[in-house]
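Read-outs throughout are calculated quantities, based only on the coordinates presented, and are distinct from any laboratory measurement. If you're wondering where the values come from, they're calculated on a predicted model, not measured in any experiment. Note that each Cβ is placed from the backbone with ideal geometry, even for glycine, and that neighbours are counted across all protein chains shown.
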Amino acid sequence: MRITISKWQRYLIPVIVIGLVTVGVWYLRQSKSAAREVAARECRELRTAKQWKRLAEVARRWSEWDAERADPWLYQAEASEEAGDAAKTAEYLSHVPEKDPRAVMAFVHLATLQFEALNRPRDGVMTCERILRIDPRVTQAHSQLIFYTLSTLQRQAMIRLIRDAIRVHRESPESYVFLAGAHWLYPANLYRLNTHWLKSDPGSEMHQVARAMQVYTSNAKTNPERASDFEDVPTAEELLKQYPHNTEVLAYHLENQIEDGDLDAVRKLLDAGDSTTLSDARFWRAKAWIQDTNGESDLAESSLKRALEIDPYWWKLHFQLMEIYRRQQRSEEFARMSEIYEKSKRLSKIITTLDDGKSAGTEFYELFEFLADAFGDQLVAKALRFRQQGL
């Protein structure tokens, strides 16, 4: 028997199918919404009653079928934190959907756990970067990244991060201290922090070098009363053999060899550097020192100006350039650079006497603003003027 379908039936069948699908989707949404309300109510009640183990179980089941909601992950994170399980707390916080308005604060808490309780600073860095992709105005994320790069002597990354924070008006007061001492500052907590971070990343060259730098610059290893505390830290010569191309190790030795006047040693150290040294003012300064020593004053001036493009606030660059102008009897340029040197040298002395970066006062900001204007760094100059209005 042949079944015939009329013209109107051919149009009606798709309409019926679409209608059934629409009703089915609506029903599923209503069912999911109702189930969500039930789960949310139960979690609220368990949270109020502080039944953390039961809360964790209910929230876990909820997250299995509603993973795109923040609530089940936040409830699981809270229950784990109350149980003292930082690792699970971090895991659940990492699952909070980025589109949820509570995501940023959840990730700030996650980063704190990663940097502190879990001792996973690399994960903390990635979380802070994730936060700033969502909202570049989160001060905590800027501060944490700047502090970490400072504490691991990632100087070029630190400069970039500070300037990024200034652009969105989210820099901390101490950021200016770090920027002013970008190529010569060695924080007093380098050894302690990097020794701690090495426990979770024992093969890290970055942490090995950073903690050693504080020992060298404080002369702790040569102090008979303290030397035994640092027996596991290699000597500066041993560290150079271990990491012959490390920027921080090379820069430390460059500074010492320049002070000793050893031209061949400085040249050898410069040759050992990789491409990253092209963005480091210390290497351009060393190159200028070689050129000036060889009587190539014009080349030395060009190298120093390249260094100043990278770091216009370092007093040693100002002093070297001032001396070139003095010898060449370029009176106007010498007078200008002498004033700049005087200001930057005073700025460096203020930094070395600060208890912490937050305690910088009016003189610090006035000197810094003068230098920023002198070198056309309007981003920093404008921010400094704005900050001084609140002092």
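Would you mind ranking W73, W197, W52 by Cβ crowding within 10 Å, fewest neighbours first? Working shown, then result.
Details: W73 26, W197 23, W52 17.
In order of increasing Cβ crowding within 10 Å: W52, W197, W73.
Per 0.36 nm of contour for each residue apart, how much would the distance between A265 and Q328 grow if the chain were fully extended, relative to their Cα-Cα spacing?
My answer for the length gained is 19.9 nm.
Once you place label points 7 Å from the Cα toward the Cβ at D229 and D100, how far apart are they in nm?
For the pair D229/D100, the computed spacing is 4.5 nm.
Calculated from DSSP H runs of 4 or more alone, at -39500 (n - 2.57) each and per residue, what is the 222 nm mean residue ellipticity of the chain, nearest 500?
-23000 deg cm²/dmol, from helical runs alone.
Identify the trypsin sites (Lys or Arg not before Pro) of the range 92-158 meeting these criteria: DSSP loop state and at most 10 other C-beta atoms within 10 Å of the C-beta.
Answer in residue order: K99.
Suppose R0 equals 22 Å; then what is the FRET efficiency for A335 and K382 from their Cβ-Cβ distance, rounded to the nearest 0.05?
0.25
In nm, what is the difference between 0.36 nm times the number of residues separating R60 and H245 and their Cα-Cα distance?
Numbers: separation 185, 0.36 × 185 = 66.60 nm, distance 4.92 nm.
Contour length minus Cα-Cα distance gives 61.7 nm.
Among C128, C43, rank each residue by its count of other Cβ atoms within 10 Å, from fewest to most, as a rough exposure measure.
C43, C128
Can you compute the FRET efficiency between E129 and E45 using 1/(1 + (r/R0)^6), with r the Cβ-Cβ distance and R0 = 41 Å? Round to the nearest 0.05.
0.65
Select from the chain the helices, each a whole stretch of DSSP H, whose alpha-carbon atoms run 27 Å or more along the helix axis and whose Kyte-Doolittle mean is at least -0.5; answer none if there are none.
7-48
Just want to confirm a number: the relative contact order over the chain, from Cα pairs under 8 angstrom separated by 6+ residues, in percent. Walk me through the numbers on the way to the answer.
Values: 412 pairs, mean separation 33.4, N = 391.
Averaging sequence separation for qualifying contacts and normalising by length gives 9 percent for the chain.
Amide H of N246: which non-local residues (sequence gap of 5 or more, or other chain) have their own amide H closer than 5 Å, using H built in the peptide plane?
none
Which lysines have a Cα less than 30 Å from the Cα of K32, not counting those fewer than 8 places away in the same chain?
Result set, ordered by chain and number: K50, K53, K88, K99.
Full extension from E366 to N256: what is 0.36 nm times the residue separation minus their Cα-Cα distance, to one decimal in nm?
36.4 nm
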